[in-house]
Amino acid sequence: MTASPRTTELVQIAAAAADSKGAEDLVAFDVSEPLPLVDAFLLATGSSERNVAAIADAVEEAMLEQGVKRLRREGKHEARWILVDFGDLVVHVFHEQERVFYGLERLWTDCPIIPTGVPVDAPE
């Protein structure tokens, strides 16, 4: 099974919203094969607690504009790792240190990548 076209579209909308608030290292995984209740994970990094919260808020607002309501939001108080569950799409917004510490990418290396539509910055 693969992520639906609608989920792929939502990943791109969420990624654009995150990018608009300065999110870095955006990557999306098609986790529909190992996780039957979720199609995709979007991972993003913020540079501070305030930035992490702003990214999560922007994603949530963009999803609402698409008629997609969040089912659950965790971690807003600390704003070090905010998880926003939209059903088929789960967005993880990390502070830089938490992103490195938890390394979720390592868990999903076997899963296909979903294009986010956000350009990747070239190293300087």
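Quick note: the coordinates plus some simple rules give every number you see, no bench work behind them. Since the model is a prediction, treat every value here as computed from it, not as a measurement. Every residue, glycine among them, receives a Cβ derived from its backbone with ideal geometry; neighbour counts consider all protein chains shown.
Annotations
- Across the range 18-32, the number of residues qualifying as of a type outside the set (D, E, K, R), part of a helix (DSSP H, G or I) and either out of contact with any helix residue (DSSP H, G or I) (no Cβ under 9 Å at 6 or more places or on another chain) or surrounded by fewer than 24 Cβ atoms within 10 Å (Cβ to Cβ) (or both) comes to 1.
- Failed item, numbered, when Gly67 is tested on (1) buried (at least 19 other Cβ atoms within 10 Å of the Cβ); (2) not in a helix (DSSP H, G or I): (1)
- Complete set of residues in the range 19-35 that are of a type outside the set (D, E, K, R), more than 11 Å from the chain's Cα centre (by Cα) and over 16 Å from Ile114 (Cα atoms): Ser20, Gly22
- Residue within the range 78-88 that is within 20 Å of Gln12 (Cα to Cα), assigned to a loop (DSSP other than H, G, I, E, B) and more than 11 Å from the chain's Cα centre (by Cα) present: yes
- Pairs, first free of Cβ contacts under 8 Å to residues at least 24 places away in the same chain in the range 93-113, second surrounded by 13 or more Cβ atoms within 10 Å (Cβ to Cβ) and of a type in the set (A, V, I, L, M, F, W, C), C-beta under 8 Å, six or more apart: Glu98/Trp81; Tyr102/Trp81; Tyr102/Phe94
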